[in-house]
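The values are calculated or read from the model by the stated rules, or taken from the named source; none is laboratory data. Here the structure is a predicted model, which is why all the values come from computation and not from measurement. All Cβ positions, glycine included, derive from the backbone under ideal geometry; neighbour counts span all protein chains shown. Heavy atoms of the whole protein, side chains included, go into the accessibility calculation; ligands, DNA and RNA do not. Shrake-Rupley method; radii C 1.70, N 1.55, O 1.52, S 1.80 Å.
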Amino acid sequence: VQLEESGGGLVQAGDSLTLSCAAHGSTFSLASMGWYRQAPGKPRDLVAALTFGHGTAGYEDSYLDSVKGRFTISGDGRKNTMYLQMTTLKPEDTAVYYCHALFLDSSGQEHTYWGQGTQVTVSP
C-alpha cells in the first residue's frame, strides 16, 4: 500500500494550502485516515483525523486544538482519499505533514500505513 501526498509548499502567514493524500493498493477496508505533523525537535502530533464507515465520506473525528477553526479535514472512503484545507496559516504550523491510513482486513486485524511526508513552511 502506498500513500501519495501532495500540496505542501512555502507560503506566507495568513495564506491557505490544501494537502491531499491518496491510498493505493489496498484490498482491505479503510477504517480511518489522519494528518500528523512534526516540526524539528518536536514529537509527531495528530492534526486531524477521519473515521470511515461502509465506504461513505468520512466524518470528522478530531482536531488539534491549535488548528480548530482554521483547518478542515475531508475525505472519501470509497476512493481512499483525504484532504486537509488549511487557512490562516501561521509560522507555528510549519512542519512536515504526514498522511496516515488504517485499514482492517476480514479478520479485523489492523494495517497501518504512513506517507513520506510533505513540507509546509509558513513565513512570518
Separation between the Thr88 and Gln2 pseudo-spin-labels, each 7 Å from Cα along Cα→Cβ, expressed in nm?
3.8
Cα convex hull of the range 83-124: mean projected area in nm², to one decimal?
3.8
Label Glu110 and Ser20 with points 7 Å out from Cα along Cα→Cβ: what is the distance between them in nm?
2.9
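Heavy atoms only, 1.4 Å probe, whole protein assembly: order Asp15, Asp61, Asp105 by accessible area, highest first.
Putting Asp15, Asp61, Asp105 in descending order of accessible area: Asp61, Asp15, Asp105.
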Dipole of the chain (Lys/Arg Cβ +1, Asp/Glu Cβ -1, origin at the Cα centre): which of Pro43, Ser106, Phe28 lies farthest to the positive side?
Pro43
Show which lysines lie in cross-link reach of Lys42 when reach means a straight Cα distance below 25 angstrom and same-chain residues fewer than eight apart are skipped.
Lys68, Lys90
What does the extension gain come out to for Lys79 and Thr27, with contour length at 0.36 nm per residue minus their alpha carbon separation?
17.5 nm
With every protein chain present, what is the per residue accessible area of the range 16-124 (1.4 Å probe, Å²)?
51
Ranked order, Asp76, Asp65 - accessible area, probe 1.4 Å, largest first
Asp65, Asp76
Pick out, in residue order, every one of the trypsin sites (Lys or Arg not before Pro) in the range 26-116 that is DSSP loop and has at most 11 other C-beta atoms within 10 Å; say none if there are none.
Lys68
Given N residues in the range 34-124, what is Rg(Cα) / (2.2 N^0.38 Å)?
1.14
I'd like the accessible area for Val1: 1.4 Å probe, protein heavy atoms, all chains in place, Å² to the nearest 10.
70
